[in-house]
Amino acid sequence: MLRCPNCNSKDIGKIGSHQFYCWGCFIELTVNGDKMNVYQVEEDGTLSSLDDLFFGDDWGASAYPETHASS
């Protein structure tokens, strides 16, 4: 089960093949293999990376095992 790294919510919607949206804190997640990226959706629809707030340089989904959802 995919959980939000920000609010730990399970209320995650799929918006693309590797893109998800958290309805708990309104951030967008991209999962590609062992890597997750986190973005804030700006008012104009652009995305601003929040990776530096959540992950170190060598972070991978292996540090967040629940991101390995089978869907």
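Taking region 3-15, which residues are open to solvent by less than 40 Å² (accessible area, probe 1.4 Å) and touching a residue at least 12 places away in the same chain (Cβ under 8 Å)? Once the filter is applied, which keeps residues that are open to solvent by less than 40 Å² (accessible area, probe 1.4 Å) and touching a residue at least 12 places away in the same chain (Cβ under 8 Å), region 3-15 yields CYS4, PRO5, SER9, ILE12. When ASP34 is tested against (1) acidic (Asp, Glu); (2) under 10 Å from the mean Cα position of the chain (by Cα); (3) modelled with pLDDT under 90, only condition (2) is not met. Looking across region 1-37, the residues that are within 20 Å of PHE55 (Cα to Cα) and aromatic (Phe, Trp, Tyr) come down to PHE20, TYR21, PHE26.
One residue stands out in region 23-45 among those that are of a type in the set (Asp, Glu) and either open to solvent by less than 40 Å² (accessible area, probe 1.4 Å) or free of Cβ contacts under 8 Å to residues at least 12 places away in the same chain (or both): the one that is farthest from CYS4 (Cα to Cα), namely ASP44. Any idea which residue in region 47-63 is modelled with the lowest pLDDT, counting only those that are assigned to a loop (DSSP other than H, G, I, E, B) and open to solvent by 70 Å² or more (accessible area, probe 1.4 Å)? It comes out as ASP58. Among the criteria (1) modelled with pLDDT of 95 or more; (2) open to solvent by 40 Å² or more (accessible area, probe 1.4 Å), the one PHE20 does not fulfil is (2).
The values are calculated or read from the model by the stated rules, or taken from the named source; none is laboratory data. The structure displayed is predicted, hence computed values, not measured ones. When we count neighbours, we look across all protein chains shown, and the Cβ atoms used for this are built from the backbone with ideal geometry, even at glycine. Surface accessibility is based on the protein's heavy atoms, side chains included, excluding ligands, DNA and RNA. Shrake-Rupley method; radii C 1.70, N 1.55, O 1.52, S 1.80 Å.
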